[in-house]
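Notes for the one structure printed next.
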Amino acid sequence: MKAVVLKAFGGAENLVLTDLPDPRPRPGEVLVEVQAAGVGHVDVMSRRGEFGGSPSPGLVPGIEVAGVVVGTGEDVDDAWVGRRVHAMLDRTGGGYAELVAADVEAVVALPDQVGAAEAVALGFNALTAWTSLERAGVRAADKALVRGAGGGVGLMAVLLGIHLGATVTAVTSSASRGERLAALGVPTVVNRLAVAQAYEEHDIIIDPVGGPEFDRFLEKLAPNGRYVLCGGAAGFPTPDFGSTLLGRFTASPTLLMLSLSSISRAELRARMEKLLELVAGKTIASPVDGTFPLAAAAHAHDRLESGAAFGKIVLVP
């Protein structure tokens with residue numbers, strides 16, 4: 001099979017298309033013919049060697065795929081064969097390939113109305129966004145701010161926040177992204193480069209970005225506000241961010257951190273099934289920024305790192 005291999009930790013040029021033996025499903029696994037593989041910031045950080053448990057050089061990146069089950073291992077019902085599925089892989093990857101073996105406990109059947117690219121555009125992005133909103137205890141009366149609103153997690157947090165009844169402010173840095181967010185029904189879009197005083201206080205802040213601007217967004221929590229840090233697209237916050245939090249002690253702020261690694265596969269599967277129902281019913285959208293062939297995986301990473309993407313970037317074998 002064709003697959004993208006990580007030649008060495010570092011830049012996108014280290015993603016190289018090569019030929020590998022077809023994987024064989026082990027007991028408890030299904031073999032998926034990949035129709036779409038998601039490209040996310042987790043993949044970029046893994047490529048750089050910034051995650052423990054990341055794919056080592058010589059292995060195949062990619063932690064989620066959608067496709068058709070073409071084989072099963074022992075102890076797996078043969079009824080899975082021929083079914084369209086979304087598969088959640090672990091951090092060791094394997095998704096940037098024509099075939100991948102996945103634990104059947106991490107596989108969800110796709111509704112007929114949801115395409116493969118739509119499924120991975122939803123995938124871990126929507127799981128992170130929805131879980132973050134739930135952890136924050138979102139209510140219909142809440143004012144919610146979402147950082148990185150044009151990216152995969154941020155965009156899904158915006159759409160799901162609106163679906164759950166919150167009044168959402170989307171933070172982005174591109175006029176074209178702002179126009180696309182407005183077209184999706186987002187009531188307020190602000191430029192992330194605006195000074196902190198330009199932002200109102202919010203009951204909830206969903207942050208998949210982190211980085212050096214983390215502190216100034218902490219300052220925009222309303223009294224009893226809830227801040228969920230659910231990613232690090234811009235890197236880790238500055239080490240002294242705790243002083244900003246303590247400086248707002250009298251406002252009783254709450255800071256939560258979320259990694260899907262802390263959630264069981266059973267819970268992730270149940271949430272994914274509900275999210276797929278929302279997309280199948282056209283209740284929410286699952287925007288795809290663009291698709292790339294496996295041979296262009298490096299270009300897909302460049303696109304993601306440029307900050308120009310709107311929604312999910314997808315590899316199509």
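The values are calculated or read from the model by the stated rules, or taken from the named source; none is laboratory data. Just so we're clear, the structure is a prediction, and the values are computed from it rather than from any experiment. In this analysis, Cβ positions are derived from the backbone assuming ideal geometry, glycine residues included, and neighbour counts consider all displayed protein chains. Each accessible area value is taken on the protein alone, full model and side chains, heavy atoms only, with ligands, DNA and RNA left out. Shrake-Rupley method; radii C 1.70, N 1.55, O 1.52, S 1.80 Å.
Here are the numbers:
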item	result
Extension gain from residue 219 to residue 109, taking 0.36 nm per residue of separation minus the Cα-Cα distance	35.4 nm
Gaussian network model of the chain, springs between alpha carbon atoms under 10 Å - residue of 22, 103, 75 with greatest fluctuation	75
Fraction of beta bridges assigned by DSSP in the chain that are antiparallel (%, nearest 5)	55
Amide N of the stretch 278-304 lying under 18 Å from the label point, which is placed 7 angstrom from the Cα of residue 183 along Cα→Cβ	284-291
Sites matching trypsin sites (Lys or Arg not before Pro) across the stretch 264-298 that sit in DSSP coil, with at most 16 neighbouring C-beta atoms within 10 Å	282
In Hz, Karplus ³J(HN,Hα) per residue of the stretch 116-123 (6.51, -1.76, 1.60; θ = phi - 60°; x = Gly, Pro)	4, 5, 4, 5, 6, 5, 6, x
Sequence of 214, 9, 292 from largest to smallest accessible area, 1.4 Å probe	9, 292, 214
All lysines inside 25 Å of residue 143 as judged from Cα atoms, apart from same-chain residues fewer than 8 positions distant	220, 274, 282
Among 227, 96, 199: highest mean-square fluctuation, GNM of the chain, C-alpha pairs under 10 Å	199
Contour minus Cα-Cα distance for residue 92 and residue 259 (0.36 nm per residue)	58.5 nm
Gyration tensor (alpha-carbon) shape descriptor, the stretch 125-260, a/c threshold 1.5	rounded
Restricting the stretch 19-121 to GluC sites (Glu not before Pro) in coil, as DSSP defines it, with at most 11 other Cβ within 10 Å	74
Accessible surface, the chain, averaged per residue in Å² (probe 1.4 Å)	42
Reciprocal of mean inverse Cα separation for the chain (Kirkwood radius, Å)	19.9
Calculated FRET efficiency for the pair residue 305/residue 174, C-beta based, R₀ 25 Å, to 0.05	0.95
Chain lengthening between residue 18 and residue 243 when straightened (0.36 nm per residue, less Cα-Cα)	76.1 nm
